[in-house]
1. Rg to Rh ratio, the stretch B:185-272, alpha-carbon atoms and Kirkwood radius?
2. Mind telling me which of A:55, A:15, A:81 comes out most flexible in a GNM of chain A, alpha-carbon contacts under 10 Å?
3. Considering all projection directions equally, how large on average is the shadow of the alpha-carbon convex hull of the stretch B:276-319, in square nanometres?
4. Compute the label-point distances linking residue A:41 to its equivalents in the other copies; points lie 7 Å from Cα along Cα→Cβ; give nm, one decimal, shortest first.
5. Taking Rh as the Kirkwood radius computed over C-alpha pairs, what is the Stokes-Einstein D of chain A at 20 °C in a medium of viscosity 1.002 mPa s, expressed in µm² per second?
6. For chain A, set up a GNM with springs between Cα atoms under 10 Å and report which of A:63, A:205, A:257 has the largest fluctuation.
7. Select the chain A residue whose beta carbon lies nearest to the rotation axis carrying chain A onto chain B, and write the distance in whole Å.
8. If all Cα-Cα distances of the protein assembly as shown are sorted into 20 Å bins from 0 onward, what percent lands in each bin, rounded to whole numbers?
């Protein structure tokens, strides 16, 4: 295993400490228990947004803490759910009179721990569960996984909370964004979890894993490596089947890298995906390309599409000042 | 070779086309010859900044085109210098009455082609050569290479040009930033150039390449893989020997990923590097962590330090609106 680390046991804390130091104007890092909260004071009565999940997906979620997005993020160990005490401590630190909205990716451990925290929390609170991965069927036993679409929920609800939407409105908006969003990914290599020290799964030199999860979960099928156009058709068709955007439907197209795929390739994928929907008359009016929801050092990418309307566009465009997304501030 | 491509021959054009589509509010992509220019109209009389170099280092330079930074970028084929006709066409497109400043990384092909373009250009022009890689001695036969410090020159001179600095002032400022900047990198793996189809060099599972270049040039020494703290001490000491920042010297600390190293590790490296200079009383007052000057899919990183003063801090903080760096606009 070739990584820049000192010790598997201290990796997360050392990394979070470096992150907080590099972005000391935006975030504060609390160590016991671990959470990252925004520094800029929120308006009194603002709904406080908290997300979290296993680490290894950076910049998700810590990189999205700041004005216009999350109030706090609770990082678990790598690919491991954060614990309820982290969520409770974060909630106590950022609760500001408007209640707490938990934004939770749909994984059993995350869901359970955020539910425990919600039950113990004494202030008004609600949750949004993100489940945008269409590689699994809608009626899958534990539901679909939350992947790169989580960023969209966090950005859009973050903007609404900033301008005064109440807890119920934030929750409803988050659910609306989740419903309007579909993602699917493909891996060219496995990631290597530091504590394991070797790739999570093996892929031959001429294979790719279609419908892969962001924790190195194997996908629905292992296919022979194909040309980029064919790969994009496969991914985009799965999303299109689900969201069925009509002609002139405004959408946001997000191409997300899993960590080890160069921007050169991500932009090529973006161009092909844009052409797929442009051919169908869909109106791509917002875009995001880069490594936002990663899977450590996995080579691969995902495509996310969100159906937009005027309200969602306004919230997407609203000012945001975080380590990983910044505009208008 | 596992990459998202259709064809090695069309990879660059497909990628640039996707890049320009994703950032159509910031850049325009000209195809014959290839260059990317900013869309936002520059003030009449503004010095126009043009950079360029081989592709494969994205977001450098195309991702730095826009308000407050570059007026145009000329991408060559992967790891191959752009040609004078690209530079001339870009210059004609963005010249705005203030002359042209070429920002050139110090590689023989880039230097030669930018010199040819400068000679053919009929408007006033000047050049800044960036040579921040301290892994080579100062008296190296072809001079030191330009690496991640190039971003600093482009950002700071871009801000000065935006507020009216003339051609001579921009050139002098660029040279001053170059003198105040030192970088050095380490690779854990080689990159794979698409046209070659296999890694440029081989490293054993327990080796790292210290002082590596951004084109997969082998470094000064192949060393056994060490703990992160030891690696950072090695890199930071080489920079410190060169720049010799005194106590209370304000600096910018930039940790740059080569493409396949996760943010989790880059932030850990940042924390260790910050501690190195904080211990010496150096004042880290600006930071940048992420994949900015990459080497395709190489795992590795570089550290860059720039001695700052009030003027450089003001220009660093000035508004910038590009695909890869954005604040204040």
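A short reminder: the numbers here are calculations on the coordinates, not readings from a lab. Computed from a predicted model, the values in this text were never measured in an experiment. For neighbour counting, all protein chains shown are included, and Cβ atoms are generated from backbone atoms with ideal geometry for every residue, glycine included.
1. Numbers: Rg = 14.4 Å, Rh = 14.4 Å.
Ratio of gyration radius to Kirkwood radius: 1.00.
2. The residue that fluctuates most here is A:15.
3. On the way: hull surface 17.3 nm².
Average of the hull's projected areas for the stretch B:276-319 equals 4.3 nm².
4. 4.2
5. 109
6. Result: A:205 has the largest fluctuation of those listed.
7. Residue of A nearest the axis onto B, distance in Å: A:260, 2.
8. Bins of 20 Å from zero give 20, 56, 24, 1 percent of pairs.
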